[in-house]
Amino acid sequence: MALDRFVYCYLVYGETITLIDTGVAGCETQIFDAIRSAGRDPSEIASIILTHAHPDHIGAARAIQRATGCTIAAHPAERGWIEDVDLQNRERPVPGFASLVGGPVQVDRELADGEIIAPDKTRDMNLNVLHTPGHSPGSISLFMQSEGALFSGDALPVAGELPVYDDAIASVQSIKRLRGLAGIRVVLSAWDKPRRGREAYLQMDRALEYLQRIHTAVRAGSGEGPTDLTELTRKTAASLNLPPQAVNPLLARTFAANLQVRDQKNLLEDFQR
């Protein structure tokens with residue numbers, strides 16, 4: 001059984017073109033077609049910003065870089081898996097990994113929290129880098145304040161969809177940080193359709209509520225003693241009304257992150273690690 005997934009990539013048109021994430025291997029064809037339909041040329045891609053290292057975000061990076069000579073930017077915590085995809089496949093195996101990732105690429109620019117990326121120096125369209133870990137240690141979001149556009153990567157889980165994160169508490173903290181940004185007009189997520197105006201903030205509230213619902217379900221299914229992760233994953237997925245095909249190693253990894261903080265009843269409250 002297969003679980004259909006998709007990912008949004010984003011093109012920022014300035015003096016050159018900045019691409020935020022690349023999709024899986026082969027997505028370069030769709031990306032190049034989109035650029036041509038906008039009256040631009042794929043050779044104008046000067047930079048790829050990777051919000052994190054997972055296959056559906058880095059898969060086409062190698063093909064695009066080879067075609068355009070663009071630079072690659074990412075958080076330093078993601079460098080290892082971007083530059084050594086075999087290492088990623090060993091440490092975080094995903095079915096069909098080899099078909100999803102076209103190969104490794106070198107990270108040319110490490111992005112730190114608070115850094116500014118300027119896709120166009122002739123007008124105000126700067127991208128502010130926000131370190132938003134949880135989904136992965138080096139996940140980043142990007143806020144273009146002049147347009148009120150928040151590119152959130154995979155930081156916002158979508159209620160009812162497959163939740164994927166390595167650190168439950170960091171995920172909550174990251175969403176709260178994004179929720180606290182003033183002036184968001186649209187949230188541009190990798191997992192979800194664009195959310196505009198008040199709906200943008202409501203979607204972040206829903207993401208927080210979903211994280212708490214997942215945590216409550218994991219705590220209820222795990223009891224007090226040692227836990228069989230495979231059985232817990234099946235039971236918890238059923239209680240969350242997730243489809244049977246969602247029961248996979250990635251979901252087990254997510255629920256294991258909740259087990260790490262099982263003693264914390266309410267993830268949304270202030271706490272000490």
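The values are calculated or read from the model by the stated rules, or taken from the named source; none is laboratory data. The structure presented is a predicted model; accordingly, all values stated were derived computationally and were not measured. Cβ placement follows ideal geometry from the backbone for every residue including glycine, while neighbour counts extend to all protein chains displayed. Ligands, DNA and RNA are stripped out before the accessible areas are found, and what is left, the full protein with its side chains, is counted by its heavy atoms. Shrake-Rupley method; radii C 1.70, N 1.55, O 1.52, S 1.80 Å.
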* If R0 is 22 Å, what FRET efficiency do you get for Glu83 and Asn266 from their C-beta distance, rounded to 0.05? -> 0.05
* **Check: the chain dipole with +1 on Lys, Arg Cβ and -1 on Asp, Glu Cβ, in debye** => 580 debye
* Could you grab the relative contact order for the chain? Cα pairs under 8 Å, six or more apart, rounded to a whole percent. => 14 percent
* Whole-number D in µm²/s for region 86-125 (Stokes-Einstein; Kirkwood sum over Cα pairs; 10 °C, 1.306 mPa s) -> 116 µm²/s
* Positive end of the charge dipole of the chain (Lys, Arg +1 and Asp, Glu -1 on Cβ, about the Cα centre): tell me which of Gly80, Gln264, Gly14 has its Cα farthest that way. => Gln264
* Asked: Could you give the semi-axes, largest first, of the ellipsoid that matches region 1-122, computed as the square roots of 5 times the alpha carbon gyration tensor eigenvalues and rounded to whole Å?
  -> 23, 18, 12
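In whole percent, and with a 1.4 Å probe on the protein chains, what portion of the accessible area of the chain is carbon and sulfur?
That share works out to 49 percent.
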* Enter the mean projected area of the convex hull around the alpha-carbon atoms of the chain, in nm², rounded to one decimal. => 14.3 nm²
* Translational diffusion coefficient, Stokes-Einstein: compute it for region 148-273 using the Kirkwood radius over C-alpha pairs as Rh, at 4 °C and 1.567 mPa s, and state it as an integer in µm² s⁻¹. => 86 µm²/s
* **Helix-derived mean residue ellipticity, 222 nm - over the chain, DSSP H n ≥ 4, -39500 (n - 2.57), to 500** => -10500 deg cm²/dmol
* To do: Multiply the residue separation of Arg177 and Thr16 by 0.36 nm, subtract the distance between their alpha-carbon atoms, and state the gained length in nm to one decimal.
  => 55.0 nm
* Structure fact -> Here the percent of antiparallel bridges among DSSP beta bridges lying wholly in the chain, to the nearest 5, is 55 percent
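Please give the length that would be gained between Leu259 and Lys121 if that part of the chain were fully extended, namely 0.36 nm times their separation in residues minus their C-alpha to C-alpha distance (nm, one decimal).
45.0 nm
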* **Å² per residue, accessible surface of the chain at 1.4 Å** => 46 Å²
* Under 23 Å from the Cα of Lys176 - lysines, other chains or at least 8 residues apart -> Lys193, Lys265
* Asked: For region 111-213, what does the equivalent ellipsoid look like in terms of its semi-axes, each the square root of 5 times an eigenvalue of the Cα gyration tensor, given largest first in whole Å?
  -> 23, 16, 10
* region 95-141 versus region 210-259: alpha-carbon centroid distance in Å -> 29 Å
